[in-house]
Each structure stands twice: as C-alpha cells, then as structure tokens.
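Heads up: the structure comes next, in structure tokens.
The values are calculated or read from the model by the stated rules, or taken from the named source; none is laboratory data. Bear in mind the structure is a predicted one, so any value in this text is a computation, not a measurement. Methodologically, a virtual Cβ is constructed for each residue, glycine included, from the backbone with ideal geometry; neighbour enumeration extends over all protein chains shown.
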C-alpha cells in the first residue's frame, strides 16, 4: 500500500502510462494544470497625443497607445474576461528630471489614463506601477545621488508614498511597487490606512531580479539610454540568490502586501514554487519583455512555433505555482482561449 502523497508505481505491461495520453479527450480529462483568461494581466504602454499606435521594434506586436486608443483596447480586454491591466507611461523627456517630480503631478499621463479607464471600463482592475524610472532623467527607480553612485532609499520611499496616493486618487485599484526600496510597502500601507483607503490592494514586486531581460521594456518607456554604466544591482536582486527572495517576501507580507510577484518568470520559476510553497499567498509571475520578445522573434524567424511555445511557457508559470501572469501576449492568448 502506498503512503499518502507518495508516487504510485507499477510494472509494465500491467501499468502503461501512455494509455491516458492516446486521445485528446483523455489528455484533457486528466490535465493537472489549466490556463484560463482569468489568469492573465495585460501590460500596456500609454503615450501622449491622439490617434497614436506606435509599434515597439523590440516588442513585435506591442504598441504605445495614445489615450483615445488605449481605452478601447482595455475595453476589449475586459470583454474577453481579462481581470486586470497594468498601464505604463511613456513620459516626454522634457518632463524628466533627477527628482522624477512629474510622478507627483496629479494630471500626469498615467493618472489621466487611469481616470479614463476607470470611467469607461469600471469593471476591470487597474494596476499602477510605483517607481520613478519613467520620470527620472537618470533612469533609476529612485532618487540617485551621483557623487556616491547610490539610490537613496528612505528619501525615495517618501516620494513613492506620495506617488502611490496620487495613483489611488486617480482610480488605481492595485498598487504595484516595483522599485525594490526597503520599507516601501509598509510606508505605503500606513499612508493608505491613514487616508481611509484600507481597501486598496498592494501587489509587491517582492522578488525582482537585476535581470538582462528588461531591455525591450526600457526601450518602450524611453529609459534605456539613461542609466549609462550605473545599473540597478544595488537595489534589484542578484540572480544568484534564492533564500534572499524568501526574506524579501516575508518582509513585504509583514508590511501589508496582499500579493507578491516574481520577476522575470521563466528563469526564476524555482522561486515561484518556493514562494508559493513557503507562504501560500497569491503569487504572480511577470513574463517580462525580453522573454516575450525572444519567443516572438523566434516565431517570426520560423525557428519555433510561437503559439505553441507561448502557451507552453505560460502553462509552465502556472505549473510552478503562479496564480496569475503578467504577459504582453495576454490579449492574443485570451482570444485563443475564447476561440476567437
């Protein structure tokens, strides 16, 4: 007799695992992992102007949308059952400065986008990224002290709290601090409580690695050329570390995060599983721009079956324990799942 949780084994020919694989109906019947529309979050880029649909060369099939075209895209996502979108602003370089002060402008691009979405598509969740890199002239996620080459943690957190409050006032329903500053989850949660905004969700980028897979995203928002030789290794995580990730998650949960995220996804699926097993909280994975771009480019070159490998990679995230996935392919995957 096998013990609970043990692997049941048998001997050939009485046991033939291929019996369950021989037909589509039996494979579907016993499938252990399922991907649905409700597992998808769609990242979008918004740009100033009207009638702007700018394709991003390093992200084939992904566009920067002006606000008048962005809202119908969000409405389409909602109609397919996608539960949440994540909107990232492409900030005019003339508005960028070392302090990232445009992030606190109540009428900045992202706040106007959130208000327009909330008014037109009230049923969809809106994730607001909390970090200064779209707004800083140096491209860092926080306030950068050039003489020391350091991003100033506590001073940055104070700015992020005000930025987060502005996003919520615009209609953001999920705050997603992606900056990796120490203590920012607790500071944001305390401010929300003080303002009577205790129902606002916080999705922490708790496990965010200093990855080379972010390149196309930085091109998309116009921050790629700003960093120079100074990378983000002093605040984003070392790809060599995994125990550290569990400490980051524990801290963010203690400070009031409702959900946590692992970013990137594919090279760090072991972390998705470790976080889910250790904490049993809603755990998301971000299939980042470089992951999407690799699959898309290989598909365009005819080296891979794009539809097949994209679905396979998203199922891999789910199998690893992800409750939801941010992916630039969300809309096309939703259409496939709906049979459109």
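A count restricted to segment 23-47 and to residues that are in contact with a helix residue (DSSP H, G or I) (Cβ under 6 Å, 6 or more places away or on another chain) and farther than 22 Å from residue 307 by Cβ stands at 4. In segment 21-44, of all residues being touching a residue at least 40 places away in the same chain (Cβ under 8 Å) and out of contact with any strand residue (DSSP E or B) (no Cβ under 9 Å at 6 or more places or on another chain), the one that is nearest to residue 61 (Cα to Cα) corresponds to 37.
Let's see how each residue does on (1) surrounded by 21 or more Cβ atoms within 10 Å (Cβ to Cβ); (2) under 21 Å from residue 256 (Cα atoms):
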position: 112; (1), (2): no, no
position: 118; (1), (2): no, no
position: 127; (1), (2): yes, yes
position: 140; (1), (2): yes, no
position: 151; (1), (2): yes, no
position: 163; (1), (2): yes, yes
position: 184; (1), (2): yes, yes
position: 203; (1), (2): yes, yes
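Residue-level analysis places residue 216 among those that are under 23 Å from residue 290 (Cα atoms), modelled with pLDDT under 95 and surrounded by 19 or more Cβ atoms within 10 Å (Cβ to Cβ).
For segment 49-63, how many residues meet the condition of being on the phi > 0 side of the Ramachandran plot and surrounded by 12 or more Cβ atoms within 10 Å (Cβ to Cβ)? Qualifying residue count, segment 49-63: 2.
Among the residues of segment 36-48, those that are under 24 Å from residue 325 (Cα atoms) and surrounded by fewer than 18 Cβ atoms within 10 Å (Cβ to Cβ) comprise 36, 37, 38.
Within segment 294-317, the set of residues being in contact with a helix residue (DSSP H, G or I) (Cβ under 7 Å, 6 or more places away or on another chain) and either modelled with pLDDT under 95 or more than 17 Å from residue 332 (Cβ to Cβ) (or both) comprises 316 only. Apart from one condition, residue 122 fits all of (1) closer than 24 Å to residue 41 by Cβ; (2) at pLDDT 95 or above; (3) surrounded by 15 or more Cβ atoms within 10 Å (Cβ to Cβ); the exception is (3). If I filter segment 197-217 for residues that are farther than 24 Å from residue 140 by Cβ and assigned to a helix (DSSP H, G or I), do I get at least one hit? No: zero hits. Of all residues in segment 127-169, those satisfying the criterion of being in contact with a strand residue (DSSP E or B) (Cβ under 8 Å, 6 or more places away or on another chain) and part of a helix (DSSP H, G or I) are 160, 163, 164, 167, 168. No other residue among 17, 72 is exposed (fewer than 13 other Cβ atoms within 10 Å of the Cβ) and at pLDDT below 95 apart from 17.
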